[in-house]
Every structure is written in structure tokens, then in C-alpha cells.
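Read the structure below first, then the notes.
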Amino acid sequence: MTDPEKPRRVEIKHDDQTVAAAEVTASTHGDRPARASLHPTSGHITPGSRASLVDAVLNLPEVQASERLEATVPLGDAESLQRLRERTDATETRPAGSTALVDAKIPPDPGRQAALDEPGHRGTHPQDNHPATTLRQTGRSR
């Protein structure tokens, strides 16, 4: 298990190329908000990749253990912001320079994780289950 005080990197890959990544810091005890900084690559990204990144971040056990999420998302990244609104409660968004700051409540829903883990799960976006899209999680020290 990774150290909860060190950021964890989550990547979405398409054909062995990272198309979106996030740095996530969260306490496994849920005593502090989880924090995530989402970074989609520039240029065209396969539809659904940004939503898949949000799902991967919100499905991390240490994020699920938190009551709140504080995230930074590039301003104008409508796909990530929409998925955050779908997956969280009491979501507040405000601009800050070239990013959007998101503060949201993470709903307690153990059934959601079980459904997402089901074999053959079909996500909201068609690319969620694209065979060439893979998820990679790494622990990373500062």
C-alpha cells in the first residue's frame, strides 16, 4: 500500500500513450479531504478518457474513505467537470486562473464501486471499455 501522505499518480492510457493523468493525495482514514489534480494531455483525446480518469480517481479506496474532494481541473474541461458533478454531491466549481477548482462531497455508495467492478461493466461513455484504453496507478514519492 502506498503512503497516504504521498501523491499517487493515476494514468489513463490509449495505445500505450498517456492521454490523461492525475496526482491524488488522500488520507486512508478519511480525516482530510482527498485532493486531486487532473491533467488531460493537450490535443485530441479519445472521448470518455477524461471521464474515465475521474472515475479512476473517485474509485481509489483512499478517496472513497474521504468525505470531501478538492480537485483542480483545466478550465474548459467540460467532460471531467460533468463526470465530477455526476459522481459527487454538493459540487461547487469556481475559476482560478487557467483552472477550475472543485469542492465536492463524496457520497457513501458502496454499491457504485461494486457495479463498476462487475465484469462486462459498460460505462456511461462508450470509450470507458475501449480495449486499447488502460488504467495505470502508481505510488510516487515527492
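Every read-out reported here was derived from the displayed coordinates using simple, explicitly stated rules and does not represent laboratory data. Not measured: the values here are computed from a predicted model. Here the Cβ positions follow ideal geometry from the backbone for every residue, glycine too, while neighbour counts run over all protein chains shown.
Could you give each residue of the range 39-55 its phi-based ³J(HN,Hα) in whole Hz, using Karplus coefficients 6.51, -1.76, 1.60 with θ = phi - 60°, and x for Gly or Pro?
9, x, 6, 7, x, 6, 10, 3, x, x, 5, 5, 5, 5, 5, 4, 4
Only loop residues by DSSP count here, and only those with at most 14 other Cβ atoms within 10 Å; note down the GluC sites (Glu not before Pro) in the range 56-113 that meet that.
E67
T18 label point, 7 Å along Cα→Cβ, cut-off 17 Å on backbone N: hits in the range 66-96?
Label zone hits: 72-74.
Can you give me the distance in nm between label points at D103 and L75, each placed 7 Å from the Cα along the Cα-to-Cβ direction?
1.9
Test of understanding: what is the full-extension gain from E92 to H29, defined as 0.36 nm times their sequence separation minus their Cα-Cα distance?
20.3 nm
Non-local amide H neighbours of R32 (under 5 Å, H modeled in plane, Pro and chain starts lacking H): which ones?
S27
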